[in-house]
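Derivation of every value follows stated rules applied to the coordinates shown; laboratory data play no part. The model shown is predicted, which means the values in this text are computed figures rather than measured ones. Every residue, glycine among them, receives a Cβ derived from its backbone with ideal geometry; neighbour counts consider all protein chains shown.
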Amino acid sequence: MDQTDRSFALFLEVYGTLPRAGPGGDEYTRRALGLVPGAPKTVLDLGCGPGAQTMVLASALPGARVVAVDLLESMVVETERRVADAGLGDRVEAVVGDMAAPPVEPGTQDLIWCEGAIYNVGVTEALAGWRALLAPGGTVAFSEPVWLVDSPPDEVREWWTAEYPPMSGRAGVEARIAAAGYRTVGSFVLPAAAWWDEYYAPMRDRITDLRDRLPDDPTAAEVADGAEAEIGMFGRYSDCYSYGFFVVQPRD
Ligand SMILES: C[S@@+](CC[C@H](N)C(=O)[O-])C[C@H]1O[C@@H](n2cnc3c(N)ncnc32)[C@H](O)[C@@H]1O
């Protein structure tokens, strides 16, 4: 294993075995689903991670077939495990794939879900690309980092600008949605609890485990330090940023 592979393997020890791979929670997935018009029968869950929202979507939509897609095989395997344990395997398929070219036929999807993952492609680019996959009347739901304040302090503004240059307030996300030819059906902002309960709190335990297992390993220390810095940033500035959930449809 070369140094890059090893660093990524250690990164996955901290980030890859959490209940969810980003801020969120079942109640917020259900709240966003409540904004979706109609009763979707075909659902595409892009960037599914370990499948937390996949399980909510499949349970809340008993008449739907769900295809869950992630670039990382380990995430797909974990989603498959959760789906099988819940007895949902007949309606849910988890596959390795790229959200920039999802493995479904054009015009077939009633609902495209992308929780905490659309940043990998970009809001406008992703929405524009997914439009051809939607069935008539179809909907896209996604969550995206947003500023909650107009003038964040320099420390957090500079950190996010380095991490994710397109970061904007809700109005900026609305502008990116409109630029892709969509309108917003509804939106809301995740509370701070959505970052702590199933994401940063268990991540702290993974960081401790990694430091205990490899106390003198500089690569492990680098991964642990990076994760701790991210958690510390949210601890200091949770009033300045969060994720917004956006439910959108093509304008015509
Ligand atoms: C922040 S995680 C969110 C995962 C999950 N939706 C959740 O909220 O727990 C982003 C996920 O997107 C996946 N990903 C990144 N780029 C991707 C791509 N181009 N296509 C599909 N999945 C991708 C990553 O492997 C990761 O599992």
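Details
- Residues in the stretch 156-199 that a label on ARG131 would reach, taking backbone N under 14 Å of a point 7 Å out along Cα→Cβ: 176-184
- Packing around the peptides 77-86, 214-223, taken as the average count of other Cβ atoms within 10 Å per residue, puts them in this order, highest first: 77-86, 214-223.
- Electrostatic dipole magnitude of the stretch 125-252 [Cβ: Lys, Arg +1; Asp, Glu -1; Cα centre; debye, to 20]: 800
- The stretch 95-153 - charge dipole about Cα centre, Lys and Arg +1 at Cβ, Asp and Glu -1, debye rounded to 20: 80
- Extension reserve of the ASN120-VAL96 stretch, reckoned as 0.36 nm per residue once the Cα distance is removed: 7.1 nm
- Cut-off 13 Å, label 7 Å out along Cα→Cβ of VAL149, residues of the stretch 209-248 by amide N: 234-242
- Which of SER151, SER242, SER143, SER59 has the fewest Cβ neighbours within 10 Å, and the rest in rising order: SER151, SER59, SER242, SER143
- Nitroxide proxy distance, nm - points 7 Å out along Cα→Cβ at GLU163 and ALA201: 2.0
- Scanning the chain for DSSP H helices at least 20 Å long along the axis (C-alpha atoms) with a Kyte-Doolittle mean no lower than -1.0 picks out 218-237.
- Among GLU73, GLU230, GLU174, the ranking by other beta carbons within 10 Å of each residue's beta carbon, starting with the fewest, stands as GLU73, GLU230, GLU174.
- In the chain, taking the dipole from charged Cβ atoms about the Cα centre, the farthest positive-side position among GLY63, MET167, PRO103 is held by GLY63.
- Each residue, ARG30 and ALA86, gets one label point 7 Å from its Cα in the Cβ direction; the gap between the two is 1.2 nm.
- Relative contact order of the stretch 115-252: 43 percent, from C-alpha pairs under 8 Å at least 6 residues apart in sequence.
- Relative contact order (percent, whole number), the chain, Cα cutoff 8 Å, 6+ residue spacing: 24
- Selection from GLY226, LEU190, TYR200 lying farthest towards where the dipole of the stretch 170-233 points positive, charges on Cβ: LEU190
- The charge dipole of the chain, taken about its Cα centre with unit charges on the Cβ of Lys, Arg, Asp and Glu (plus for the first two, minus for the last two), comes to roughly 1100 debye.
- Each of TRP147, TRP159, TRP130, TRP113 was scored by other Cβ atoms within 10 Å of its Cβ. Arranged with the fewest first, they read TRP159, TRP147, TRP130, TRP113.
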